[in-house]
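Asker: Here's a structure for you.
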Amino acid sequence: MGWLRSARNPQRQRKQGGFQPGSVNPTTGKPLLQAGYAPATIAHNLSAVHGFYAFHMHFGRGPLLNPVPENRARRTALAHRSPIEARAQHRRGRLRPKVSVRQPRAMPDQQWDALFAQMGCARDRALLSCYVSSGARASELLGIGLGDVDWTKGQLWVISKGTRARQPVPASPQALAYLAAHLEEAGLPPDGVPVWRTRRGESRPLAYWAARRIIQRADEAIGAN
């Protein structure tokens, strides 16, 4: 825990628009990541180590005492609590860092217009519109085929990442219009092939990292994070 709180995170060495780690982006007002490990990352690692030893203790393997101390005050406060009740306050356990509550953020219309203007083709405009209107995960949305688009009801059928069940998500009329323009431009894909495909070289399904790079280039162009 001492090392995690003092070490620098190598992932923070990536370019963040020329701003110092921990500073605030003047365009979006969103803080940049600190140079070290975030408290949420430290707390997650603690939970993972605690669960690892708890699993082996259950089967009689490993030490008799979990090296990660349990928070009895938290267990007492959350025991037999109804989901509609307010969560009771309790003290943090030993070694646990203080994790701030993340507040929801909004994107002003002018920033959305600037971001959307960076989408250089019908595919990118359709992809961004489907992301925003559906709220689906990246991997879920990138896997939809032509048969997963319900044009009349305005829905997209995706395979849930958690349950692996096929379920519908909403899609705005604007998103479907851009998707139709993309299919008219690129052609209809064969059965079982995702509708999102590369535009250069041999046509192949659009990978997650390629779709992520589309948004990254747009962010860099408008100076956002």
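The values are calculated or read from the model by the stated rules, or taken from the named source; none is laboratory data. Treat the numbers as computed from the prediction; the structure is a model and nothing was measured. All Cβ positions, even for glycine, are placed from backbone atoms using ideal geometry, and neighbour counts span all protein chains on display. Heavy atoms of the whole protein, side chains included, go into the accessibility calculation; ligands, DNA and RNA do not. Shrake-Rupley method; radii C 1.70, N 1.55, O 1.52, S 1.80 Å.
Asker: Does the range 187-204 contain any residue that is small (Gly, Ala, Ser), under 18 Å from ALA126 (Cβ atoms) and surrounded by 15 or more Cβ atoms within 10 Å (Cβ to Cβ)?
Answerer: Scanning the range 187-204, I find no residue that is small (Gly, Ala, Ser), under 18 Å from ALA126 (Cβ atoms) and surrounded by 15 or more Cβ atoms within 10 Å (Cβ to Cβ), so the answer is no.
Asker: If we scan the range 136-156, do we find a residue that is within 30 Å of THR28 (Cα to Cα), out of contact with any Asp or Glu (no Cβ under 8 Å at 6 or more places or on another chain), touching a residue at least 60 places away in the same chain (Cβ under 8 Å) and aliphatic (A, V, I, L, M)?
Answerer: yes
Asker: Scan the range 89-103 and tell me whether some residue there is farther than 25 Å from THR27 by Cβ and within 19 Å of the chain's Cα centre (by Cα).
Answerer: Yes, the range 89-103 has at least one match.
Asker: Residues that are under 30 Å from PRO205 (Cα atoms), modelled with pLDDT of 80 or more and open to solvent by 20 Å² or more (accessible area, probe 1.4 Å), at least 1 per element: which helices (runs of 4 or more DSSP H) completely within the range 65-145 meet that?
Answerer: Here the list reads 109-117, 122-134, 138-142.
Asker: Just wondering, is there one or more residues in the range 157-169 that are outside any loop (DSSP other than H, G, I, E, B), open to solvent by less than 40 Å² (accessible area, probe 1.4 Å) and not small (Gly, Ala, Ser)?
Answerer: So far as the range 157-169 goes, yes, one or more of its residues are outside any loop (DSSP other than H, G, I, E, B), open to solvent by less than 40 Å² (accessible area, probe 1.4 Å) and not small (Gly, Ala, Ser).
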